[in-house]
1. Along Cα→Cβ, 7 Å out, is where each label goes; now give me the distance between the ones at E312 and R194 in nm to one decimal.
2. For V76, V285, V152, which order do you get if you count the other beta carbons within 10 Å of each Cβ and list the fewest first?
3. Would you calculate the separation in nanometres between label points at R262 and E167, each defined as 7 Å from the Cα along the Cα-to-beta-carbon direction?
4. Hey, of (1) 19.7, 69; (2) 20.8, 70; (3) 23.5, 78, which did the structure itself give for Rg and Dmax of the Cα atoms in Å when calculated?
5. Would you tally the net charge around V224, using a Cβ to Cβ cut-off of less than 12 Å, leaving V224 out, and scoring K and R as +1, D and E as -1?
6. Largest first and in whole Å, give the semi-axes of the stretch 157-297's equivalent ellipsoid, each being the square root of 5 times a Cα gyration tensor eigenvalue.
7. May I ask you to derive the relative contact order of the stretch 1-143, considering only C-alpha pairs under 8 Å and at least 6 residues apart, and to give it as an integer percent?
8. Starting from the Cα-Cα distance between R180 and V150, subtract it from 0.36 nm times their residue separation and give me the gain in nm to one decimal.
Amino acid sequence: MSTVAFEYGARAATDFLDAHRLSARTPFQTRGWWRAWIREAADAEGATPVLVHMTRTDRPILVVGLQLHQDGSTAVLRPLSWPWADYHEVAVVGDASPTGPEPDIGWLAEAIDRCQREFGARLELSDLIADGALLRAVSELGAAPRPSEVVVRLDLTDPDVVQRVSERRDMRRKRRRIERLGTLRLTCADTSARVAARLPAFIDLHTQRWRDRPDAVAPFDGGVVDRTFAAVAAEPSSAARLHELWLDETLLAGWFGFWHDRTYYAYRAAYNTGHGRDSPGHLLVAAMVTELVAQGTDTFDLTRGAHAYKLELPSIRALTMAASLEQPCRV
C-alpha cells in the first residue's frame, strides 16, 4: 500500500536526504543543493522545509520539495529553496530511467493537495519547468498556469551558435587588445575541494562590483549568502563548477554554476571592473563555450532574467511558469 509522507522541518528533511540518492532534472533539486540550502539559508528565509514523498510504490518515487512560510495569519507553501533557485521541479528517488514508467501525476496532485490541507496553506509556485511534472500536477488540481520568468539558453549542438559566440568580431577585437597586455587563460574548478578553494576570490570579485549598490540582488554579505554558496560548493552531488578567466595572474572574470545532465547552468557571474571596457564577462563566455562543447555539453543555460548581455548572444528565450492555489480548509 502506498501512502503520502511528509518530512517536516530541517532535521527530518536532511535526514531523508542523507538516506536517499536523488535524480533531478535541474541542479536545484539535487540532494546537494537542497541539503546545503536547508542547512544555511532556510532559517534566514523564515522557511520550514517540507519534503513530500510516498512510502511505497511500483512507480518512480517522486519527492516534492516545499517550504512553509507564515505571512501574517496566512500560511504559504512555496518551492523549496525559493527564491534562490532558478528552476523548480520534483526529484526522483534513485535513478530516473528515461525508458521507465511515467511519474504518477495523479499521485503527485493528491500529495500536493494533502500537503496544502495538512498545513492550511496557500500554494504559490514560480519558476516551474514548463513541461514538468510539478506544473502538470498543480494544473490537474485546477491551477491556471501563467508566465513566470524569461530564461535564456545557448544551443551548443548548433555549430553556427558556437562559432558566433566564440568568434564574434567584436570579441576577437577585444581579445586581441587585451592579449597585448599578457596571456589569457581559462581555468575550471571542477571538484568540491577546488571550488571551495577558489570561492573566496570569486566572492571578493563580485563584492567589488556590487558592494553598497541599491540594485544588487542577494549580494554576498559575509553571512548567509557566503555560507550558502560555500555549503553548496562543498556538496559533491551539487555538481558546482567555478570557471575563471585570467590575464596572467590577474583574475578578470568568474562564473559560479553547475554542470548537470549535459547542461551548464550559469548561476552567478563576477568580473573585474578595472577591465570593464574589454568585456571580460563576454570573453569568459566565449572561452567557456569552446571548452564546454569539447566536453560534450549540449546547452549553456544562462538561467532566468532577460538581461541585455544575454540577449546580445545568439540565444533562445523560453518561459518558466507560475501557478497558485488558494488556501484550503485545514483538515
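Only the coordinates and a few stated rules stand behind these numbers; no lab work does. Remember, predicted model here, so these are calculated numbers, not experimental data. When we count neighbours, we look across all protein chains shown, and the Cβ atoms used for this are built from the backbone with ideal geometry, even at glycine.
1. It is 2.8 nm.
2. Values: V76 18, V285 28, V152 21.
Sorted ascending by nearby Cβ count, the order is V76, V152, V285.
3. Going by the 7 Å Cα→Cβ label model, 2.5 nm.
4. (2)
5. Neighbour charge sum, excluding V224 itself: -3.
6. On the way: eigenvalues 118, 80, 34 Å².
That gives 24, 20, 13 Å for the three semi-axes.
7. On the way: 240 pairs, mean separation 36.0, N = 143.
For the stretch 1-143, the relative contact order is 25 percent.
8. Working: separation 30, 0.36 × 30 = 10.80 nm, distance 3.80 nm.
That pair, R180 and V150, stretches by 7.0 nm at full extension.
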